[in-house]
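Presented below is the structure to which this report refers.
The values are calculated or read from the model by the stated rules, or taken from the named source; none is laboratory data. Just so you know, these numbers come straight off a predicted model, no measurement behind them. Every residue, glycine as well, gets a Cβ built from its backbone with ideal geometry; the counts of neighbours run over all protein chains shown. Quick note on the areas: whole protein, heavy atoms, side chains included, nothing else; ligands and nucleic acids left out. Shrake-Rupley method; radii C 1.70, N 1.55, O 1.52, S 1.80 Å.
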Amino acid sequence: MAEAVRFDEYGDQNVLRVVEIPEPHARAGEVVVRVISAGINPGEAAIRSGALRDRWPTTFPSGQGSDFAGRVAEVGDGVSAIAVGDEVIGFTNERASHATHVRVPADQVTPKPEAVPWDAAGALFVAGTTALAAVRAVEAGRGDVVGVSGAAGGVGSIVVQLLRERGASVIGIAGPSNQDWLREKGVIPVVYGDGLAERLHAAAPGGLDAFIDTYGSGYVELAIDLGVKPERIDTIIDIDAVRRFGVKFEGTAAADTIDVVAELADLIAAGHLEIPIAATYPLAEVRDAFHDLERRHTRGKIVLRP
């Protein structure tokens, strides 16, 4: 038997439970992966709570999770490029990675470079592809000055590094405890809260060329007020701001290919990208993991270790 996270109704973290399920077997064109690490994401919490039921309805009982990394346990007919025992990074579209085993099409996994830590690998897909899509959306490059809200969060911490890789100057908005980490990444840190607009003016006296909002809570409107053009603002969370201001809303769906995952993994292996890991939890403590996540004060990613 395998184990997997399930929930039978919308609600808070307490609706989550870990149950035994039949161990999956690979069908033609598929692989089964023994999961070593699996990232958790705010979108999963929103789906579980029912906040996104109109866009992404849930059929109960439901599993959850997209990100994973692990070792191939079984390959199906027609799969030749992957072998049992291979270490891989992957994703599932079936809300199924928060489990000891996951079955996916073989083209949804890519080899894990030896230099990529397991926790970073398991947390890469959603946050990494979302970050890359956001950076592409604002067309940031050398000479640009880009503001980023939630700059030390799961997505924001990757965004700021990808922007720096492209040669942009980055103003990262985050809490006091994350200022030193941002400086280490070549980011100009600015503390959120009252007086933020004035601090942004001081950090970027020539103004901001683009803005990436990973947090919500009015940051898009602030960017508009600071003179950033709507076509150079991307939010991954504030749908209302997209309607009001005509800014972009590009995230995972704009870059969710295994080739992008492999590209990001290579950046990690080469030392050009860090996936900060805020905490790790065993699968049995999935409720605690989401309680930690939903406080919205962690640096980087939270990972389950089934």
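Couple of notes before you dig in:
- Solvent-accessible surface of segment 149-244, taken per residue with a 1.4 Å probe and all protein chains present: 42 Å².
- Taking Cα centre as origin and charging only the Cβ of basic (Lys, Arg, +1) and acidic (Asp, Glu, -1) residues, the dipole magnitude of segment 188-306 rounds to 220 debye.
- Restricted to Cα atoms, segment 85-150 shows a radius of gyration and a Dmax of 15.2, 45 angstrom.
- Percent carbon-and-sulfur accessible area, the chain, ignoring ligands, DNA and RNA, probe 1.4 Å: 48 percent
- Counting every alpha-carbon pair across segment 100-255, the share separated by more than 19 Å comes to 53%.
- Here's the list of aspartates and glutamates a cross-link from K301 could span, going by alpha-carbon distance under 12 Å and ignoring same-chain residues fewer than 8 apart: D67, D119, E274, D292.
- Whole-angstrom Cα spans of segment 19-143 along principal axes, big to small: 47, 40, 24
- The 1.4 Å probe gives accessible areas that order H201, H101, largest first, as H201, H101.
- By the compact-protein rule of thumb, 2.2 N^0.38 Å, the alpha-carbon radius of gyration of the chain corresponds to a ratio of 1.00.
- Solvent-accessible ranking of W181, W56, W118, largest area first, probe 1.4 Å: W56, W118, W181
- Contact order relative to length of the chain, as percent, for alpha carbon pairs under 8 angstrom and 6 or more apart: 20 percent
- Highest to lowest packing among 11-22, 230-241, scored as the average C-beta count within 10 Å: 230-241, 11-22
- Qualifying lysines (Cα of each under 24 Å from Cα of K229; at least 8 residues distant if same chain): K248
- Surface per residue (accessible, 1.4 Å probe) for segment 18-76, Å²: 44 Å²
- Helix-only CD estimate at 222 nm, as mean residue ellipticity for the chain, using -39500 (n - 2.57) per DSSP H run (n ≥ 4): -7500 deg cm²/dmol
- Under 15 Å, Cβ to Cβ, from G175 - net charge with Lys/Arg +1 and Asp/Glu -1: +3
- Counting charges near Y281 (Lys, Arg +1; Asp, Glu -1) among other residues having Cβ under 10 Å from its Cβ returns a value of -1.
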